[in-house]
Amino acid sequence: MESGLFEDLQRKIDEDTLVKDTLREMVQQLEKQDRATQAILSKAHSTPSVELSPVLQAAQSSIENEVQSIRRLAEVASKHPYYRYNYAWTREMQSATFSILYCAYLGGLDTQVGHLLTLSEVTTLMQIPPSAPNTDSFHLTPEEYLQSLISLVDELSRLARNSVTLGDTARPLQISKFIKDVHAGFQVLNLRNDGLRKRSDGVKYRVKEAEDVVYDLSLRGLLPGQGKV
(Lines give C-alpha, C1' and ligand atoms only; values in the text may rest on other atoms or scores of the structure.)
Protein backbone atom coordinates (compact mmCIF):
# COMPACT_ATOMS: atom_id res chain seq x y z
CA MET A 1 0.00 0.00 0.00
CA GLU A 2 1.30 3.42 -0.94
CA SER A 3 2.53 5.47 2.00
CA GLY A 4 0.31 8.42 2.83
CA LEU A 5 -2.64 7.19 0.71
CA PHE A 6 -5.30 7.88 3.33
CA GLU A 7 -3.69 11.12 4.46
CA ASP A 8 -3.86 12.38 0.89
CA LEU A 9 -7.49 11.33 0.58
CA GLN A 10 -8.34 13.11 3.82
CA ARG A 11 -6.64 16.27 2.56
CA LYS A 12 -8.74 16.20 -0.61
CA ILE A 13 -11.92 15.61 1.41
CA ASP A 14 -11.11 18.55 3.68
CA GLU A 15 -10.42 20.82 0.70
CA ASP A 16 -13.69 19.80 -0.95
CA THR A 17 -15.62 20.37 2.28
CA LEU A 18 -14.11 23.84 2.65
CA VAL A 19 -15.17 24.79 -0.89
CA LYS A 20 -18.70 23.49 -0.31
CA ASP A 21 -19.03 25.35 2.99
CA THR A 22 -17.79 28.59 1.42
CA LEU A 23 -20.20 28.29 -1.49
CA ARG A 24 -23.07 27.37 0.83
CA GLU A 25 -22.60 30.54 2.88
CA MET A 26 -22.57 32.69 -0.26
CA VAL A 27 -25.62 30.98 -1.71
CA GLN A 28 -27.53 31.35 1.56
CA GLN A 29 -26.80 35.07 1.52
CA LEU A 30 -28.07 35.33 -2.06
CA GLU A 31 -31.19 33.37 -1.18
CA LYS A 32 -31.92 35.70 1.74
CA GLN A 33 -31.49 38.77 -0.44
CA ASP A 34 -33.70 37.36 -3.17
CA ARG A 35 -36.49 36.61 -0.70
CA ALA A 36 -36.38 40.28 0.22
CA THR A 37 -36.54 41.28 -3.45
CA GLN A 38 -39.51 39.03 -4.14
CA ALA A 39 -41.32 40.29 -1.07
CA ILE A 40 -41.03 43.79 -2.52
CA LEU A 41 -42.10 42.71 -6.01
CA SER A 42 -45.12 40.87 -4.60
CA LYS A 43 -46.59 44.30 -3.88
CA ALA A 44 -47.28 44.59 -7.63
CA HIS A 45 -50.30 42.36 -7.01
CA SER A 46 -51.86 45.00 -4.78
CA THR A 47 -50.51 48.17 -6.40
CA PRO A 48 -51.97 49.84 -9.51
CA SER A 49 -49.54 50.24 -12.40
CA VAL A 50 -49.43 54.03 -12.07
CA GLU A 51 -48.28 53.72 -8.45
CA LEU A 52 -45.55 51.10 -8.99
CA SER A 53 -42.56 53.44 -9.15
CA PRO A 54 -41.64 53.28 -5.42
CA VAL A 55 -41.99 49.49 -5.47
CA LEU A 56 -39.70 49.18 -8.48
CA GLN A 57 -37.11 51.52 -6.97
CA ALA A 58 -37.03 49.44 -3.79
CA ALA A 59 -36.78 46.23 -5.81
CA GLN A 60 -33.94 47.61 -7.88
CA SER A 61 -31.98 48.50 -4.73
CA SER A 62 -32.52 44.98 -3.43
CA ILE A 63 -31.41 43.50 -6.76
CA GLU A 64 -28.22 45.55 -6.58
CA ASN A 65 -27.43 43.75 -3.32
CA GLU A 66 -28.01 40.44 -5.05
CA VAL A 67 -25.68 41.40 -7.87
CA GLN A 68 -22.88 42.03 -5.39
CA SER A 69 -23.42 38.56 -3.91
CA ILE A 70 -23.50 36.99 -7.36
CA ARG A 71 -20.21 38.66 -8.25
CA ARG A 72 -18.56 37.29 -5.10
CA LEU A 73 -20.04 33.85 -5.78
CA ALA A 74 -18.76 33.95 -9.36
CA GLU A 75 -15.27 34.89 -8.21
CA VAL A 76 -15.03 31.89 -5.89
CA ALA A 77 -16.92 29.40 -8.06
CA SER A 78 -14.81 30.13 -11.15
CA LYS A 79 -11.75 28.71 -9.38
CA HIS A 80 -13.29 25.25 -9.47
CA PRO A 81 -14.84 22.91 -12.07
CA TYR A 82 -18.22 24.45 -12.92
CA TYR A 83 -20.30 21.27 -13.10
CA ARG A 84 -18.81 19.89 -9.91
CA TYR A 85 -20.49 22.49 -7.75
CA ASN A 86 -23.18 24.19 -9.84
CA TYR A 87 -25.88 22.19 -8.05
CA ALA A 88 -25.15 24.39 -5.04
CA TRP A 89 -26.35 27.61 -6.66
CA THR A 90 -28.52 26.78 -9.68
CA ARG A 91 -31.85 27.12 -7.83
CA GLU A 92 -30.88 30.45 -6.29
CA MET A 93 -29.55 31.76 -9.61
CA GLN A 94 -32.84 30.85 -11.26
CA SER A 95 -34.72 32.67 -8.51
CA ALA A 96 -32.52 35.76 -8.80
CA THR A 97 -32.96 35.72 -12.57
CA PHE A 98 -36.73 35.55 -12.15
CA SER A 99 -36.64 38.60 -9.87
CA ILE A 100 -34.64 40.52 -12.45
CA LEU A 101 -36.94 39.50 -15.31
CA TYR A 102 -40.04 40.38 -13.30
CA CYS A 103 -38.72 43.76 -12.19
CA ALA A 104 -37.75 44.60 -15.76
CA TYR A 105 -41.13 43.50 -17.13
CA LEU A 106 -42.87 45.83 -14.68
CA GLY A 107 -40.78 48.72 -15.96
CA GLY A 108 -37.91 48.68 -13.49
CA LEU A 109 -34.17 48.48 -14.16
CA ASP A 110 -34.40 51.28 -16.73
CA THR A 111 -36.67 49.30 -19.06
CA GLN A 112 -40.06 49.83 -20.63
CA VAL A 113 -43.11 48.04 -19.24
CA GLY A 114 -43.47 44.65 -20.90
CA HIS A 115 -39.81 44.31 -21.86
CA LEU A 116 -38.24 40.85 -21.65
CA LEU A 117 -34.55 40.95 -20.84
CA THR A 118 -32.45 38.55 -22.91
CA LEU A 119 -30.00 36.08 -21.41
CA SER A 120 -27.18 38.40 -22.42
CA GLU A 121 -28.87 41.41 -20.82
CA VAL A 122 -29.39 39.49 -17.58
CA THR A 123 -25.75 38.40 -17.35
CA THR A 124 -24.62 41.95 -18.12
CA LEU A 125 -26.81 43.24 -15.30
CA MET A 126 -25.44 40.52 -12.99
CA GLN A 127 -21.92 41.53 -14.02
CA ILE A 128 -20.93 37.96 -14.85
CA PRO A 129 -19.59 36.50 -18.12
CA PRO A 130 -22.12 35.43 -20.77
CA SER A 131 -23.15 31.80 -20.98
CA ALA A 132 -20.00 29.79 -21.59
CA PRO A 133 -20.67 26.05 -21.94
CA ASN A 134 -17.75 23.63 -21.63
CA THR A 135 -15.78 26.04 -19.46
CA ASP A 136 -15.31 26.35 -15.72
CA SER A 137 -16.17 30.04 -15.74
CA PHE A 138 -19.22 30.84 -13.63
CA HIS A 139 -22.18 31.65 -15.87
CA LEU A 140 -25.94 31.60 -16.21
CA THR A 141 -27.00 28.70 -18.41
CA PRO A 142 -29.73 28.96 -21.08
CA GLU A 143 -31.67 26.31 -19.14
CA GLU A 144 -31.56 28.39 -15.95
CA TYR A 145 -32.75 31.43 -17.90
CA LEU A 146 -35.65 29.48 -19.43
CA GLN A 147 -36.67 28.09 -16.04
CA SER A 148 -36.78 31.67 -14.75
CA LEU A 149 -38.82 32.75 -17.76
CA ILE A 150 -41.42 30.08 -17.01
CA SER A 151 -41.58 31.35 -13.43
CA LEU A 152 -42.18 34.83 -14.83
CA VAL A 153 -45.06 33.55 -16.96
CA ASP A 154 -46.60 31.86 -13.91
CA GLU A 155 -46.33 35.08 -11.92
CA LEU A 156 -47.79 37.22 -14.69
CA SER A 157 -50.76 34.89 -15.02
CA ARG A 158 -51.58 35.66 -11.36
CA LEU A 159 -50.92 39.35 -11.91
CA ALA A 160 -53.41 39.45 -14.78
CA ARG A 161 -56.20 38.27 -12.49
CA ASN A 162 -55.22 40.52 -9.60
CA SER A 163 -54.97 43.55 -11.90
CA VAL A 164 -58.69 43.29 -12.60
CA THR A 165 -59.37 43.56 -8.88
CA LEU A 166 -57.30 46.75 -8.86
CA GLY A 167 -59.36 48.16 -11.73
CA ASP A 168 -56.40 47.96 -14.12
CA THR A 169 -58.00 46.48 -17.24
CA ALA A 170 -55.14 47.33 -19.62
CA ARG A 171 -52.50 45.20 -17.92
CA PRO A 172 -54.25 41.82 -18.46
CA LEU A 173 -54.31 42.53 -22.21
CA GLN A 174 -50.59 43.29 -22.21
CA ILE A 175 -49.84 40.21 -20.15
CA SER A 176 -51.92 37.96 -22.40
CA LYS A 177 -50.00 39.07 -25.48
CA PHE A 178 -46.67 38.64 -23.70
CA ILE A 179 -47.48 35.10 -22.53
CA LYS A 180 -48.64 34.15 -26.02
CA ASP A 181 -45.35 35.41 -27.45
CA VAL A 182 -43.36 33.42 -24.88
CA HIS A 183 -45.42 30.31 -25.63
CA ALA A 184 -44.74 30.72 -29.34
CA GLY A 185 -41.04 30.98 -28.55
CA PHE A 186 -41.05 27.76 -26.55
CA GLN A 187 -42.76 26.01 -29.44
CA VAL A 188 -39.65 26.36 -31.60
CA LEU A 189 -37.31 24.97 -28.95
CA ASN A 190 -36.12 21.36 -28.95
CA LEU A 191 -35.72 20.88 -25.21
CA ARG A 192 -33.72 17.89 -24.02
CA ASN A 193 -33.90 18.72 -20.33
CA ASP A 194 -36.84 16.65 -19.04
CA GLY A 195 -37.64 18.95 -16.13
CA LEU A 196 -37.53 22.04 -18.31
CA ARG A 197 -39.63 20.40 -21.03
CA LYS A 198 -42.32 19.39 -18.55
CA ARG A 199 -42.46 22.88 -17.04
CA SER A 200 -42.61 24.49 -20.47
CA ASP A 201 -45.64 22.36 -21.31
CA GLY A 202 -47.47 24.27 -18.59
CA VAL A 203 -47.06 27.59 -20.41
CA LYS A 204 -50.03 26.73 -22.63
CA TYR A 205 -52.23 26.68 -19.52
CA ARG A 206 -50.99 30.14 -18.55
CA VAL A 207 -51.98 31.29 -22.06
CA LYS A 208 -55.48 29.96 -21.46
CA GLU A 209 -55.73 31.60 -18.05
CA ALA A 210 -54.70 35.00 -19.39
CA GLU A 211 -57.06 34.66 -22.35
CA ASP A 212 -59.93 33.86 -19.97
CA VAL A 213 -59.27 37.07 -18.03
CA VAL A 214 -59.26 39.14 -21.23
CA TYR A 215 -62.37 37.38 -22.54
CA ASP A 216 -64.25 38.07 -19.31
CA LEU A 217 -63.27 41.74 -19.49
CA SER A 218 -64.42 41.92 -23.10
CA LEU A 219 -67.81 40.44 -22.23
CA ARG A 220 -68.22 43.10 -19.58
CA GLY A 221 -67.11 45.85 -21.96
CA LEU A 222 -64.16 46.76 -19.73
CA LEU A 223 -61.27 46.50 -22.15
CA PRO A 224 -59.53 49.77 -23.07
CA GLY A 225 -61.42 51.40 -25.94
CA GLN A 226 -64.63 49.53 -25.25
CA GLY A 227 -67.78 51.28 -24.19
CA LYS A 228 -69.38 49.91 -21.07
CA VAL A 229 -72.14 47.41 -21.70
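The values are calculated or read from the model by the stated rules, or taken from the named source; none is laboratory data. Being a predicted model, the structure only gives us computed values, none of them experimental. When we count neighbours, we look across all protein chains shown, and the Cβ atoms used for this are built from the backbone with ideal geometry, even at glycine. Just the protein is used for accessible areas: all its heavy atoms, side chains included, with ligands, DNA and RNA removed. Shrake-Rupley method; radii C 1.70, N 1.55, O 1.52, S 1.80 Å.
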*asked:* Taking the Kirkwood radius as the inverse of the mean 1/r across Cα pairs, report the Rg/Rh of the chain.
replied: 1.09
*Ranked from the most accessible area to the least, with a 1.4 Å probe and all protein chains present, what is the order of Leu146, Leu156?*
Leu146, Leu156
*Using θ = phi - 60° and the Karplus relation 6.51 cos²θ - 1.76 cosθ + 1.60, list the HN-Hα couplings for the stretch 108-115 in order, rounded to whole Hz, with x at every Gly or Pro.*
x, 6, 6, 10, 8, 4, x, 7
_Explain nothing, just the number: relative contact order of the stretch 35-129, from Cα pairs under 8 Å at least 6 residues apart, as a whole percent._
30 percent
*Beyond 18 Å between alpha-carbons counts as too far, so tell me which of Lys43/Lys180; Lys177/Lys204; Lys180/Lys204; Lys20/Lys79; Lys43/Lys208 fall in that bin.*
Lys43/Lys180; Lys43/Lys208
*So how many Å³ per residue does the convex hull of the Cα atoms of the stretch 88-175 work out to?*
88 Å³
*Per-residue ellipticity at 222 nm for the chain, helices alone: DSSP H runs ≥ 4 residues times -39500 (n - 2.57), over residue total, nearest 500 deg cm²/dmol?*
-23000 deg cm²/dmol
*Compute the convex hull volume of the Cα atoms of the stretch 106-229, divide it by the residue count, and report the result per residue in Å³ as a whole number.*
111 Å³
*Would you please name the trypsin sites (Lys or Arg not before Pro) within the stretch 123-229 that are DSSP coil residues with at most 16 other C-beta atoms within 10 Å of their C-beta?*
Arg192, Arg220, Lys228
*If you average the sequence gap of Cα pairs under 8 Å that are 6 or more apart and divide by the length of the chain, what percent do you get for the contact order?*
17 percent
*Order of exposure, largest accessible area first, which applies to His139, His183 with probe 1.4 Å*: His183, His139
